[in-house]
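Undergrad: Could you have a look at this structure, given as structure tokens, before my questions?
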Amino acid sequence: MCNLYTMTATVDELRRIFGSFDGDTTNLPPFDEIYPGQLAPVLRRNENGGLKLEHMKWGFPGPQAAGSRAITNVRNLASPFWRNALQQPARRCIVPVTKFCEWTGEVGRKQKVWFGLTDAHESPLFAFAGLWRPGEGGPFMAFLTCEANTIVGEVHPKAMPVMLRPVDVSTWLDSTRENACALARPFEDTLMQRVG
């Protein structure tokens, strides 16, 4: 499962790809390595239907029965744990990303393999399909995963993050649960590549 990504785009790049938004509109510092448990920039709908930029902690507090361990990836969309968030568009968000990492090799010899867009010279920015929730100490987020495509599957065959193209963002944020969950599919191999 993806447990490392970067977000090095500027506020202006975020606006160009995803549209205008409220929130902290000063320029963002580069997030060179975002790990579970850290704060990351997230876009969600505000009360007026526009986008709002917030920093959220990566990882939902897990169920007490599972030791309350933070859950960073959403794989089983039928799970009762995610049902409420998926049903309510207001609980969906997008997680801006410039590249993400999967690990290869054996324990003690693992290496990072980074993935991004093929047209990254235009903009490396895309988004993960995320869910968020308010909580003690601030909001939390996690993002969906799905079956791996061929490129990611060569390194991590079990799963990959659900990547959204800009045209998919409004469907994810605003549509019915059924239409939103239909986006939980492998990203097109031709649109992505290893980037390091």
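The values are calculated or read from the model by the stated rules, or taken from the named source; none is laboratory data. Just so it is clear, the structure is predicted and the values come from calculations on it, not from any experiment. Glycine gets a Cβ as well: all are built from the backbone with ideal geometry, and neighbour counts include every protein chain shown. In case anyone asks, the SASA skips ligands and DNA or RNA and just uses the protein heavy atoms, side chains included. Shrake-Rupley method; radii C 1.70, N 1.55, O 1.52, S 1.80 Å.
Undergrad: Can you show me the helix-derived [θ] at 222 nm for the chain, built from DSSP H runs with n ≥ 4 at -39,500 (n - 2.57) apiece and divided by the number of residues, rounded to the nearest 500.
TA: Mean residue ellipticity, 222 nm, calculated: -3500 deg cm²/dmol.
Undergrad: What number comes out for the charge environment of ALA90, summing +1 per Lys or Arg and -1 per Asp or Glu over other residues with Cβ under 12 Å away?
TA: +4
Undergrad: Another question about this same structure. Find the percent of Cα-Cα distances in the chain that exceed 31 Å, and round it to a whole number.
TA: Percent of Cα pairs beyond 31 Å in the chain: 12.
Undergrad: When Lys and Arg each count +1 and Asp and Glu each count -1, what net charge do the other residues less than 13 Å away from ILE17, Cβ to Cβ, add up to?
TA: Local charge sum for ILE17: -2.
Undergrad: Give, as a single signed number, the net charge of other residues whose beta carbon lies under 10 Å from the beta carbon of ALA184, with Lys and Arg counted +1 and Asp and Glu -1.
TA: Neighbour charge sum, excluding ALA184 itself: +1.
Undergrad: If you count, for each residue, the other Cβ atoms within 10 Å and average over each peptide, how do 143-153, 49-59 line up from highest to lowest?
TA: 143-153, 49-59
Undergrad: Which of rounded, prolate, oblate describes region 17-120, given a ≥ b ≥ c as roots of the alpha-carbon gyration tensor eigenvalues and a/c under 1.5 marking rounded, otherwise prolate only if a/b is larger than b/c?
TA: Taking the square roots of the gyration eigenvalues as a ≥ b ≥ c, region 17-120 is oblate.
Undergrad: Now for a separate question. What share of the DSSP beta bridges in the chain is antiparallel, in percent to the nearest 5?
TA: If I count the DSSP bridges inside the chain, around 85 percent turn out antiparallel.
Undergrad: Using a 1.4 Å probe on the protein heavy atoms, what percent of the accessible area of the chain belongs to carbon and sulfur?
TA: Percent of accessible area from carbon and sulfur atoms in the chain: 49.
Undergrad: Mind listing the long-range amide H neighbours of ALA184? Cut-off is under 5 Å, sequence gap 5 or more, other chains count too, H placed in the peptide plane at 1.01 Å from N.
TA: It is none; the list stays empty.
Undergrad: Over region 118-175, give the accessible area per residue in Å² for a 1.4 Å probe, as an integer.
TA: Using a 1.4 Å probe on heavy atoms only, each residue of region 118-175 averages 40 Å².
Undergrad: Right, something else. In square angstrom, what is the accessible area per residue of region 27-75 with a 1.4 angstrom probe?
TA: 54
Undergrad: So if I place +1 on the C-beta of Lys and Arg and -1 on the C-beta of Asp and Glu, and nothing else carries charge, what would the dipole magnitude of the chain be about its Cα centre? I want it in debye, nearest 20.
TA: Computed about the Cα centre, the dipole is about 560 debye.
Undergrad: Sorted from largest to smallest, which semi-axis lengths in Å does the alpha carbon gyration tensor of region 26-76 give for its equivalent ellipsoid, taking the root of 5 times each eigenvalue?
TA: 25, 17, 8
Undergrad: Also: Quick check: the distance between the Cα centres of region 1-55 and region 106-148, to the nearest angstrom?
TA: 12
Undergrad: Apply the Kirkwood formula to region 101-196: the hydrodynamic radius equals the inverse of the mean of 1/r over all pairs of different alpha-carbon atoms; give it in Å with one decimal.
TA: After inverting the pairwise mean of 1/r, the radius is 14.8 Å.
Undergrad: Give a quick list of trypsin sites (Lys or Arg not before Pro) in region 117-196 that DSSP marks as loop, anything other than H, G, I, E or B, with at most 12 other Cβ atoms within 10 Å.
TA: Filter output for region 117-196: LYS158.
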